[in-house]
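Below is one structure, written out as structure tokens; comments come after it.
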Amino acid sequence: MTLKEKAEELVGKYKNLSNKCNCKEYYCNCFYVAEDKTKECALIAVDELISQMLCLMKLFNEDRSEFEADEINYWNEVKKEIENL
């Protein structure tokens, strides 16, 4: 999966949420994400993932840090693609 495809997949997951709420009542409990906020939600998710990976890198020894650094780089590139959508 390319970086752009991953970015589109993440944003698409939030767009799907925006279509699931069909409440017609004044007060509604369903989870609804406005179409214009879907990119913002995906960016928040990626930022949280990167933050957690950085915490894990501190916990483990140097053998794993190269792999995890590659993963962080991957998610930073996905983040750029989301911003460009």
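Residues that are over 14 Å from Glu8 (Cα atoms) and modelled with pLDDT under 90: does the range 40-48 have at least one? No: the range 40-48 contains no residue that is over 14 Å from Glu8 (Cα atoms) and modelled with pLDDT under 90.
Of all residues in the range 54-78, those that are within 25 Å of Ala7 (Cα to Cα) and modelled with pLDDT under 75 have Cβ atoms under 8 Å from Cβ atoms of residues that are among the hydrophobic types (A, V, I, L, M, F, W, C) and outside any helix (DSSP H, G or I), 6 or more apart or on another chain, in Glu68/Phe60. Restricting the first member to the range 1-12 and to residues that are without any contact (Cβ under 8 Å) to a residue 40 or more places away in the chain and in a helix (DSSP H, G or I), and the second to residues that are loosely packed, with under 12 Cβ neighbours inside 10 Å and hydrophobic (A, V, I, L, M, F, W, C), the beta-carbon pairs closer than 8 Å and six or more apart or on different chains are Glu9/Met1.
The values are calculated or read from the model by the stated rules, or taken from the named source; none is laboratory data. As the structure is a computational prediction, the values presented were derived from the model and not from experiment. Heads up, the Cβs are rebuilt from the backbone with ideal geometry, glycines too, and the neighbour counts pull from every protein chain shown.
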